[in-house]
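Novice: Got a structure here, written out as structure tokens. Questions coming.
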Amino acid sequence: MQAETARHTVPGLSRAKKQSRLAGLVRELKRNRHYYILIGPYMLIFFTFTVIPVVVSMGLSFFYFNMLEFPRFVGWQNYTRLFLDDDIFIIALKNTFIFALITGPVSYLACFLFAWIINELSPKIRAFMTLVFYAPSISGNVFFIWLILFSGDSYGYLNGFLMRYGFILEPIQWLTNEKYILSIVIIVQLWLSLGTSFLAFIAGFQTIDKTLIEAGAVDGIKNRWQELWYITLPSMRPQLMFGAVMQITASFAVADISIALAGFPSVNYAAHTVVTHLMDYGTIRFEMGYASAIATVLFLIMIGTNLMTQKLLRKVGE
């Protein structure tokens, strides 16, 4: 008798809990309706132009679609072709990982280091230096500076310097020699990397509570490195996370620099990246299903790298 009563009681309790949660959710929505109304336009645009295209692209990666015929389901064929038959994609994937492993961490540390140094300056000098470091990332077509520097004739600045002092006897074709192209693209990307993450770190340093530093000095923090590890970095976790996401995205999504400096495609695909491969199939060949498969692979790589970075940043200050 007691067991039967318990069987009838437990579903009733669970149903009551669900109803109470629903009622609590409705009350919460009513109480904060103004915030949801204000954020509504952004969420609408975000879902329309970001979430829905990503979902559609993932679905389209299982189809053959050439923009003329109706999409034809091919299953995993695009992915097997991508990893087993497309040698150029493997080259692009290798170049992208090399690029990301170098420019991602180096640019991230550079953004933080320069922000830390500039933060110690007086407000007027700090504002000027912030503009100086941030300017390259917001400039328009700045690639022509590097095209002049690495020009393949004797009028190129680097060739002229090396020939003048006897390091070389004839000009080097920097941008058409596959030995140098990827390194040059990496250098230019590092020069352009002090962008949004740099500004986020500057803002993060400005929001640190000074009383924490004073309390840390009382508790036994003896130098700036300890202050950085135990106070500054934990206080800047949101900015550090935002900067990591931005730098990872930038390092994996490189394309414009490679095209501007090395051409499209580059010599022997020496500076070919996953994004340029995506552009090749998506905007030139119009194989949209195959291009969607490339985009999906790149998206999953970025997601995995971001998750790994978040786990590392959670240990900061421990």
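The values are calculated or read from the model by the stated rules, or taken from the named source; none is laboratory data. None of these values were measured; they are calculated from a predicted model. Quick reminder, even Gly has a Cβ in these numbers, built from the backbone with ideal geometry, and neighbours come from all protein chains shown.
Novice: Name the residues in the stretch 143-178 that are closer than 23 Å to A100 by Cα and either more than 36 Å from the chain's Cα centre (by Cα) or free of Cβ contacts under 8 Å to residues at least 60 places away in the same chain (or both), would you?
Specialist: In the first step, residues of the stretch 143-178 are kept if they are closer than 23 Å to A100 by Cα; the result is 143, 146-147, 150, 174-178.
The one that is closer than 23 Å to A100 by Cα and either more than 36 Å from the chain's Cα centre (by Cα) or free of Cβ contacts under 8 Å to residues at least 60 places away in the same chain (or both): W174.
Novice: So, in the stretch 117-135, of the ones that are among the aliphatic types (A, V, I, L, M) and part of a helix (DSSP H, G or I), which residue ends up farthest from V267 (Cα to Cα)? Don't jump to the end; show me each part of the working.
Specialist: Step one: filter the stretch 117-135 for residues among the aliphatic types (A, V, I, L, M), giving 117-118, 121, 125, 127, 129, 131-132, 135.
Pick out the ones that are also part of a helix (DSSP H, G or I) and you get 117-118, 125, 127, 129, 131-132, 135.
Working: I117: 40, I118: 40, I125: 44, A127: 42, M129: 38, L131: 36, V132: 34, A135: 31 Å.
It comes out as I125.
Novice: Here's a follow-up. Which of the residues spanning the stretch 270-318 are without any contact (Cβ under 8 Å) to a residue 60 or more places away in the chain and farther than 24 Å from L101 by Cβ?
Specialist: Y281, G282, T283, I284, R285, A291, E318
Novice: Also, I was wondering about something else. If the Cβ limit is 8 Å and pairs must be 6+ apart or interchain, which residue in the stretch 198-218 that is farther than 15 Å from E120 by Cβ and hydroxyl-bearing (S, T, Y) pairs with which residue that is modelled with pLDDT under 85 and part of a helix (DSSP H, G or I)?
Specialist: Taking only residues 6 or more apart or on different chains, the pairs are T207/S235.
Novice: I'd like the residue in the stretch 23-72 that is in a loop (DSSP other than H, G, I, E, B) and not hydrophobic (A, V, I, L, M, F, W, C) and, out of all such residues, is nearest to G289 (Cα to Cα).
Specialist: If we filter the stretch 23-72 for residues that are in a loop (DSSP other than H, G, I, E, B), which is where we start, we get 32, 61-62, 65-71.
Those still in the list that are not hydrophobic (A, V, I, L, M, F, W, C) too: 32, 61, 66, 69, 71.
On the way: N32: 42, S61: 5, N66: 7, E69: 12, P71: 8 Å.
Per the criteria, the residue is S61.
Novice: Same structure again: Would you tally the residues in the stretch 74-116 being assigned to a helix (DSSP H, G or I), over 21 Å from L192 (Cα atoms), without any contact (Cβ under 8 Å) to a residue 40 or more places away in the chain and among the aromatic types (F, W, Y)? I'd like the intermediate steps shown before the answer.
Specialist: Residues of the stretch 74-116 that are assigned to a helix (DSSP H, G or I), as a first pass: 77-85, 87-116.
In the following step, the residues that additionally are over 21 Å from L192 (Cα atoms) were identified as 77-85, 87-94.
Going one step further and asking which of them are without any contact (Cβ under 8 Å) to a residue 40 or more places away in the chain, we end up with 77, 80, 83-85, 87, 90, 94.
Those still in the list that are among the aromatic types (F, W, Y) too: 83.
Here the count works out to 1.
Novice: Okay, next question. Given the stretch 223-313, what helices (runs of 4 or more DSSP H) lie entirely inside it while holding 1 or more residues that are touching a helix residue (DSSP H, G or I) at 6+ places or on another chain (Cβ under 9 Å) and buried (at least 21 other Cβ atoms within 10 Å of the Cβ)?
Specialist: Details: elements: 224-227, 237-252, 256-262, 274-279, 288-313.
Here the list reads 237-252, 256-262, 274-279, 288-313.
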